[in-house]
Every structure is written in structure tokens, then in C-alpha cells.
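**Q** Handing you this structure, nothing more for now.
The values are calculated or read from the model by the stated rules, or taken from the named source; none is laboratory data. Being a predicted model, the structure only gives us computed values, none of them experimental. We place every Cβ from the backbone using ideal geometry, glycine too, and count neighbours over all the protein chains shown.
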Amino acid sequence: MVDNGTLSIDETVNKLRGTFKSQKTKRYEWRKAQLQAMLRMMQENEDEFKESVATELWKPKLEVKMTEISTIEKSIKCALKNLKSWMKPVPVSTEITHFPSTAKIINEPLGVVLVFGAWNFPLNLCLVPLVDALAAGNCVVVKPSELAPKASATVKKLLDMYLDPEAFAVIEGGADVAEELLKRKFDHIFYTGSERVGRIIYEAAAKQLTPVTLELGGKSPAFIDESANFETTARRLLFGKHINSGQICIAADYALVTKEAMEPLRAALLDAYHQFYPKGEAAKDETTHLVHQRHTDRLLAMLNEDEKVRGELVIGGQYDRESNWIAPTVFYNTKPEAKIMQEEIFGPLLPVLPVEDLDEALQFISDRPHPLAAYIFSTNRSAIDSFSFAVSTGAVVVNHVILHFSIETLPFGGVGSSGIGRYHGKSGFETFSNGKAFLHKSARKVFDLDIVYPPVTERKAKI
Ligand code: NAD
């Protein structure tokens, strides 16, 4: 048995189950109070949150503010603003044969749910699903990533201070704790992390017949054609490799560039690089470091592969293995068989592969697993339409990367091996809700259709 402070996992889950059965978490006032408390927690402890991530993961504080604090606050505010309307039963029409009756969909909470966070945004990936789960009226167990222990401890300490202790628990620990948790029955499991562990979670959930949301990763492509605005394209592509050092599930993993666009893009990338890093190269203290040596070594093996396969180094290439740092780096003319094209990069490297045209790019993308996001940089309306029509992906973004994550009105999630299910905003509320069908039929016998009731007479049998 794993000890969670004073209570074991079983005792914790049982306590939350008791709370859920009491019905208190279903009430609007309770949900609103939890969300308000979370917002206060974020506002009153911003420095502590920032410190916990910035020092541990070597992230610039501005980045923590942008990618963690602000997005969490935005999602709380969105839930607070819309909660009443989300909770309202949704009336639906019925058929004439059911006259007179009324029907509606009542969104009720699922019960006790389990949320696994990942290290790359150790606050956001725990707290945004928590917002959605609380807004939907659930009791929640949160298991932050063990790879960001400071952030995990801060999340635990502060949630313990602000939220209703009867309705949630933060259980810290590594894979051993995760495995223990997975032996218990939950009403939903929400997991963010790698595809490999996603499969473990899915298998464990199947044993308990527990529904899952799996927020996984994969190789998200960017297609760039000759009609693109090269200046903004280059800035935005580089931004995606700069921010969190590309350790983002929806970073553009590789770029497919039409042959005509290759040279203008190269010039624009060099310009953007010099604008971003005026001293000539990225500085170690201006960019996030990589999470650990194993991850650094995996990326260095890609970076140090033979140039003939890896491609020409156009930008960056500097690194410091000791401090797990690699500069934003771009390779040109990478071969599809290069190491860097075999798995999700999840780092600051960007391989660029030339293609003849959009059709070749679409073929390349469709030959591979469905990506979590797909990006197109173009001003050609018909190319944009064809791309968004053809690519099966969690999201299509035109002329930028990553931004869709921060838009609460857009559902966020993958398809195929990039994930199952959606969250953020109303989608998150629905993920953590059971849409219960409700039908109210008049009690008066006059409205009974005689034909459906026995006995089956000869006349009825002929109909
Ligand atoms: P991680 O190592 O932090 O693991 C994620 C969670 O899985 C943690 O809570 C961890 O404790 C748990 N875990 C690890 N091993 C386990 C096991 N054997 N059994 C059960 N649980 C276990 O994160 P990671 O996996 O390195 O994350 C990187 C991956 O996550 C990348 O593929 C990335 O694309 C993906 N990701 C996806 C999203 C998204 O929103 N779709 C966001 C961030 C990261």
C-alpha cells in the first residue's frame, strides 16, 4: 500500500467516493466556490508557482507566466463565466408518437476521476484538467509527474490549502504510484504523456471498464508553400522550437517545404534567428533546458547523425550536455530515414524536408500516424482548404503553431495514436460529464398508443 500523507490510496479513494455520494459536488455553488478558490490560489501564489517551475526545469519566468499561469487562469475564468449555462439541461425535441412529452440531456458528474499530469508543463497539464473535472462536479485525484518534483510539491501544497479537502487529493510519486492508482476503480482516467505509457493506462482502464482521455503526442507536421509570408513563417516556426525548447506535444515536429519555398524560407529563418538572439546564438539562460540527460542524449544522437542523412545544419547546433541544453536548431534536406524522423523529437530541433508540392506533402503525412496537430503556412486559399480537408489530425492551424492550445472555445486532443478524447472549455466539461438522457411522458392513459401494448390481436398483427 502506498502512503499519501496520512491516508492510503484506498482510504483516499473511499473518502472521495463518500463525498461524491453525499451529492454536494453536484451543486453549482460548490463548483463555483472551488473554481474561485483555484483562481485565488493562482493569483496569490504566482511567484511560488513560477519559482517552482523556473528553477527546476530551467525555464525563463516569462515563459512560465505565458504557458502555465496565464493559460490556467484563463481556463478557470472561462469555466466560471460559462458554468451556469454548461450545467443547464439541454432540451431536445421528441417524436410525435411520444406526444405529449419533454426530453432533455442532463450533464451530471462522472464521480471520482483520476488525472495524470506530465512534466513538460507541470502546472498546466495537472491544473487545467482539474478545472474541467471540478467544473463538471467530480471528485478528483491528481497525480503530477515525478519528473518535476518541485512543481508537484507546490501543486500539492497549494491545492491542499485552497480546495475542499473532502473532494480532491494530490497523490505524488512515480510509475509505482501510478500503477497502484490504476488498480483502483475510477469513473474516468485523464492521462497526458507518452504513447507508450498511454497504452499501459488504456489497458489498466479496460480491466475496470473505465473510460479514458489520452492526451498523447507524435510527429506534428508543418507544410510551407511558396505563397507563405516567409518572415512570419520563420519567426513562428522558430518560436515553436524556442518556447519550452520545443518540449511541447504540439510543436511542429518537422517541416515539409515546397522546393520553391526552400531558399526564401532559409533566408527568413536566418533573419528570425538573429532577431531572436541578437548576440548571434541562443543563450543558455534565455531558453528552457531539457528535462534530463537521457532526453538530451536522445536528441544529441539525432543532432550528431551523419549530415548526409540528418541534413545540413542551417541554424543553431550548439549544445551543453552537462546542463541539458541545446540551441534551437534547423536542418535542411533531412532524409525521411534519418533518426530525427523516426520518433517524436520533443526538443528544439527542426528537420526540413523538401517536397514537390502539396500533394506530395499530403501523401507523406497520410503515410504516417495521425498527428496531434498539423500546420500549414500559406496564403493560397485552395491549398489551405485542401490541407484542412485531407489531414486527419487533432487540429489544423494556418500560419502559426501551438496557439490553438490557448483558445478555450476549441476542443483540444488527438486522433488515432495522438490521443483519445478532448478537453478545454466546454469540451473538458463534457469529457468529465455523463450526458444523461431524460424523458418525461404524460401520466395520462389517454396518451398511450394502444397498438404497442399486449395483447397482440389479429388486427394489430396485420399492421
Ligand atoms: P511523464 O514522464 O511526465 O509521464 C506522464 C505521466 O505518466 C506521469 O504522471 C507519470 O508518472 C506517468 N507514468 C510514467 N510511467 C508510467 C507507468 N509505467 N505506468 C503508469 N503511469 C506512468 O511524461 P512523458 O511521457 O515524458 O511526456 C512526454 C510525452 O507526452 C510526449 O510524447 C508528448 O507529446 C506527450 N504530451 C502530450 C500532451 C498533450 O496534451 N497531448 C501534453 C504534453 C506531453
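**Q** I'd like to check something: does the stretch 92-114 contain any residue that is crowded, with 24+ Cβ neighbours inside 10 Å, within 16 Å of the ligand (Cβ to nearest atom) and either modelled with pLDDT of 95 or more or at positive phi (or both)?
**A** Among the residues of the stretch 92-114, at least one is crowded, with 24+ Cβ neighbours inside 10 Å, within 16 Å of the ligand (Cβ to nearest atom) and either modelled with pLDDT of 95 or more or at positive phi (or both), which makes the answer yes.
**Q** Here is a further query. From the list Leu449, Leu358, pick out the single residue that is away from the ligand (no atom under 16 Å from the Cβ), over 26 Å from Thr288 (Cα atoms), touching a Ser or Thr at 6+ places or on another chain (Cβ under 8 Å) and modelled with pLDDT under 95.
**A** Numbers: Leu358 fails: modelled with pLDDT under 95.
Only one candidate qualifies: Leu449.
**Q** Further question: Being away from the ligand (no atom under 16 Å from the Cβ) and modelled with pLDDT under 95 narrows it down to one of Glu305, Glu286, Glu312, Glu337, so name that one. Spell out the reasoning first.
**A** Numbers: Glu305 fails: modelled with pLDDT under 95; Glu312 fails: modelled with pLDDT under 95; Glu337 fails: modelled with pLDDT under 95.
Being away from the ligand (no atom under 16 Å from the Cβ) and modelled with pLDDT under 95 holds for just one of Glu305, Glu286, Glu312, Glu337, which is Glu286.
**Q** Which of the following residues is crowded, with 21+ Cβ neighbours inside 10 Å and part of a helix (DSSP H, G or I): Phe387, Phe346, Phe364, Phe331? Walk me through it before giving the result.
**A** Working: Phe346 fails: part of a helix (DSSP H, G or I); Phe364 fails: crowded, with 21+ Cβ neighbours inside 10 Å; Phe331 fails: part of a helix (DSSP H, G or I).
Being crowded, with 21+ Cβ neighbours inside 10 Å and part of a helix (DSSP H, G or I) holds for just one of Phe387, Phe346, Phe364, Phe331, which is Phe387.
**Q** Here is a follow-up. Are any of the residues in the stretch 156-169 under 17 Å from Phe432 (Cβ atoms), among the aliphatic types (A, V, I, L, M) and within 18 Å of the chain's Cα centre (by Cα)?
**A** No.
**Q** For the stretch 138-147, state whether one or more residues are more than 8 Å from the ligand (Cβ to nearest atom), closer than 23 Å to Glu11 by Cα and part of a loop (DSSP other than H, G, I, E, B). Before you say what the answer is, go through the steps one by one.
**A** Taking the stretch 138-147 and keeping what is more than 8 Å from the ligand (Cβ to nearest atom), we get 138-142.
Those still in the list that are closer than 23 Å to Glu11 by Cα too: 138-142.
Among the residues that remain, those that are also part of a loop (DSSP other than H, G, I, E, B) are: 138.
Taking every residue of the stretch 138-147 in turn, at least one turns out to be more than 8 Å from the ligand (Cβ to nearest atom), closer than 23 Å to Glu11 by Cα and part of a loop (DSSP other than H, G, I, E, B).
**Q** Out of curiosity, is His274 within 16 Å of the ligand (Cβ to nearest atom), of a type outside the set (Phe, Trp, Tyr), surrounded by fewer than 21 Cβ atoms within 10 Å (Cβ to Cβ) and more than 18 Å from Ala222 (Cα to Cα)?
**A** Details: within 16 Å of the ligand (Cβ to nearest atom): no; of a type outside the set (Phe, Trp, Tyr): yes; surrounded by fewer than 21 Cβ atoms within 10 Å (Cβ to Cβ): yes; more than 18 Å from Ala222 (Cα to Cα): yes.
Here the answer is no, as His274 does not meet what is asked.
**Q** Oh, and also: Six or more apart or on different chains, Cβ atoms under 9 Å: show the pairs whose first residue is in the stretch 164-192 and free of Cβ contacts under 8 Å to residues at least 60 places away in the same chain and in a strand (DSSP E or B) and whose second is within 10 Å of the ligand (Cβ to nearest atom) and among the hydrophobic types (A, V, I, L, M, F, W, C).
**A** Between residues of the stretch 164-192 that are free of Cβ contacts under 8 Å to residues at least 60 places away in the same chain and in a strand (DSSP E or B) and residues that are within 10 Å of the ligand (Cβ to nearest atom) and among the hydrophobic types (A, V, I, L, M, F, W, C), the close pairs are Val170/Cys126; Val170/Val142.
**Q** More than 10 Å from the ligand (Cβ to nearest atom) and of a type in the set (A, V, I, L, M), is that true of Val197?
**A** Numbers: more than 10 Å from the ligand (Cβ to nearest atom): no; of a type in the set (A, V, I, L, M): yes.
No, not satisfied.
**Q** Between Glu260, Glu179, Glu215, which is in contact with a strand residue (DSSP E or B) (Cβ under 8 Å, 6 or more places away or on another chain) and of a type in the set (D, E, K, R)? Step through it out loud before you land on a result.
**A** Details: Glu260 fails: in contact with a strand residue (DSSP E or B) (Cβ under 8 Å, 6 or more places away or on another chain); Glu179 fails: in contact with a strand residue (DSSP E or B) (Cβ under 8 Å, 6 or more places away or on another chain).
Residue meeting the stated conditions: Glu215.
**Q** Give me the residue from the stretch 390-427 that is at pLDDT 95 or above and among the hydroxyl-bearing types (Ser, Thr, Tyr) and, out of that set, surrounded by the fewest Cβ atoms within 10 Å (Cβ to Cβ).
**A** The qualifying residue surrounded by the fewest Cβ atoms within 10 Å (Cβ to Cβ) is Thr409.
**Q** Moving on. Do you know which residues across the stretch 200-226 are under 30 Å from Val355 (Cβ atoms), more than 8 Å from the ligand (Cβ to nearest atom) and either small (Gly, Ala, Ser) or at pLDDT below 95 (or both)? Working first, answer last.
**A** So the first thing to find is which residues in the stretch 200-226 are under 30 Å from Val355 (Cβ atoms), and the list is 215-226.
Applying the additional criterion that residues be more than 8 Å from the ligand (Cβ to nearest atom) yields 219-226.
Scanning the stretch 200-226 gives Ser220, Ala222.
**Q** Could you look through the stretch 176-194, keep only residues that are more than 20 Å from the chain's Cα centre (by Cα) and near the ligand (Cβ under 7 Å from one of its atoms), and pick out the one that is farthest from Leu114 (Cα to Cα)?
**A** Glu179
**Q** May I pose another question? Report whether or not Leu372 is under 30 Å from Leu83 (Cα atoms), in contact with a Gly (Cβ under 6 Å, 6 or more places away or on another chain) and within 15 Å of the ligand (Cβ to nearest atom). Quick ask: steps written out before the conclusion?
**A** Details: under 30 Å from Leu83 (Cα atoms): yes; in contact with a Gly (Cβ under 6 Å, 6 or more places away or on another chain): yes; within 15 Å of the ligand (Cβ to nearest atom): yes.
Against the criterion (under 30 Å from Leu83 (Cα atoms), in contact with a Gly (Cβ under 6 Å, 6 or more places away or on another chain) and within 15 Å of the ligand (Cβ to nearest atom)), Leu372 qualifies.
**Q** Right, here's the next one. Ser406 versus (1) farther than 30 Å from Leu83 by Cβ; (2) within 14 Å of the ligand (Cβ to nearest atom): which is the lone unmet condition?
**A** Result: Ser406 passes all but (1).
**Q** Go through the stretch 10-87 and tell me which helices (runs of 4 or more DSSP H), entirely inside it, have 3 or more residues that are over 20 Å from Lys426 (Cβ atoms). Spell out how you get there, then give the answer.
**A** Details: elements: 28-44, 46-57, 61-64, 70-87.
In the stretch 10-87, the matching helices (runs of 4 or more DSSP H) lie at 28-44, 46-57, 61-64.
**Q** Please verify whether Val128 is within 16 Å of the ligand (Cβ to nearest atom), closer than 30 Å to Pro348 by Cα and not charged (D, E, K, R), treating the condition exactly as stated. Write out each step before concluding.
**A** On the way: within 16 Å of the ligand (Cβ to nearest atom): yes; closer than 30 Å to Pro348 by Cα: yes; not charged (D, E, K, R): yes.
Judged against the criteria, Val128 is a match.
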